[in-house]
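Structure first, then comments.
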Amino acid sequence: MAFTQQQIKNLNVQFKGIPPEEIISWAIKNAEKPVVTTNFRPYEVAILNAVTEVKDSIPVIWCDTGYNTPDTYRHAEELIQRLGLNIDLYVPKQTSAYRDFIMGIPEIDDPKHWEFTEQVKLEPFRRAMETHKPDVWFTNLRKGQTTLRDSLDILSLSKDGVLKVSPFYYWSDTQLDAYLDERDLPNEHKYFDPTKVLENRECGLHT
């Protein structure tokens, strides 16, 4: 799937206000190797449910940092079983125990923080994308999360030219809460990302 920036801009105008399932169906129809990524953070269940309702066999890439809370791991296991997720798990090459001994979790201003982020998130993610070589990447990016994400849209291109599809991009937490309630889907709020420190900080996957 190859689109020019102008085509993507035109499609974003067309897709604004369209139900997520219609956007997902369009992307699946035009994709050859679609994937969806997740870390089981709050509201991730929405994108996982919506995408698997259209294509239940889609690869679900989970890059587990090794620092998730017990609540997040329980939530992940529940969704894997309930939604029948086709999970492809990627973990860091170093164990968290070894890393804790060497560097711990560096503060944001610590020079080791970049190395930490590279080890627990960026390298596993690159490995996953190199393995799957997707042309369409479903995400749950939403407007208002970070300054960078405010500059994106429902459709955007990754730095590697993969079409990122964020069908809930313009949805608020309130709208997502209603979506989950209508489908009796669980959410998870006790999520911890050791690479971000601040909720509105990018970790590097989408930059």
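The values are calculated or read from the model by the stated rules, or taken from the named source; none is laboratory data. In this text, all values refer to a predicted model and were calculated from it rather than measured experimentally. Note that each Cβ is placed from the backbone with ideal geometry, even for glycine, and that neighbours are counted across all protein chains shown. Ligands, DNA and RNA are stripped out before the accessible areas are found, and what is left, the full protein with its side chains, is counted by its heavy atoms. Shrake-Rupley method; radii C 1.70, N 1.55, O 1.52, S 1.80 Å.
Given Cα pairs under 8 Å that are at least 6 residues apart, what percent is the relative contact order of segment 1-146?
On the way: 154 pairs, mean separation 44.3, N = 146.
30 percent.
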Obtain the nm distance between the two label points defined at Thr131 and Asn12 by a simple spin-label model: each point lies 7 Å from its Cα along the Cα-to-C-beta direction. 3.1
How far is helix 123-132 tilted, in degrees, relative to the longest principal axis of the Cα atoms in the chain, given as a value from 0 to 90 rounded to the nearest 10? 40
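Defining a contact as two alpha carbons under 8 Å apart and six or more residues distant in sequence, what relative contact order in percent does segment 70-200 show? Working shown, then result.
On the way: 105 pairs, mean separation 33.0, N = 131.
Worked out over segment 70-200, it gives 25 percent.
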Magnitude of the Cβ-charge dipole (Lys and Arg +1, Asp and Glu -1) of the chain about the Cα centre, nearest 20 debye, reported as 580
What does DSSP give for the chain in terms of the percent of beta bridges that are antiparallel, rounded to the nearest 5? 20
For the chain, what % of the accessible area comes from carbon and sulfur atoms, probe 1.4 Å? 51
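Calculate, for the chain, the solvent-accessible area per residue in square angstrom, rolling a 1.4 angstrom probe over the heavy atoms of the protein chains.
Numbers: 10550 Å² over 207 residues.
Dividing the accessible area of the chain by its residue count gives 51 Å².
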Looking at this model, which pairs from Lys9/Lys112; Lys29/Lys133; Lys55/Lys143; Lys159/Lys190; Lys93/Lys143 are more than 29 angstrom apart at the alpha-carbon? Lys9/Lys112; Lys159/Lys190; Lys93/Lys143
Work out how much length Asp56 to Gln81 would gain on full extension: take 0.36 nm times their residue separation and subtract the Cα-Cα distance, in nm to one decimal. 7.7 nm
Taking the Cα-to-Cβ direction at Ala2 and at His189 and moving 7 Å from each Cα, how far apart do the two end points lie in nm? 4.7
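Please identify the longest segment of the chain free of exposed GluC sites (Glu not before Pro), where exposed means a DSSP state other than H, G, I, E or B and no more than 13 other Cβ atoms within 10 Å. It would help to have the intermediate numbers written out before the result.
Values: sites that count: Glu32, Glu107, Glu199.
Of all site-free stretches, the longest is 108-198.
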Taking the 0 to 90 degree range and rounding to the nearest ten, how far is the long axis of helix 44-54 tilted relative to the main principal axis of the chain, both from C-alpha atoms? 40
For segment 3-83, state which trypsin sites (Lys or Arg not before Pro) are in a DSSP loop and have at most 13 other beta carbons lying within 10 Å of their beta carbon. Lys16
Under the 7 Å Cα-to-Cβ spin-label approximation, Trp114 and Thr69 lie apart by a distance in nanometres of 3.1
Tell me the angle of helix 5-15 to the major Cα principal axis of the chain, expressed in degrees between 0 and 90 and rounded to the nearest ten. 70
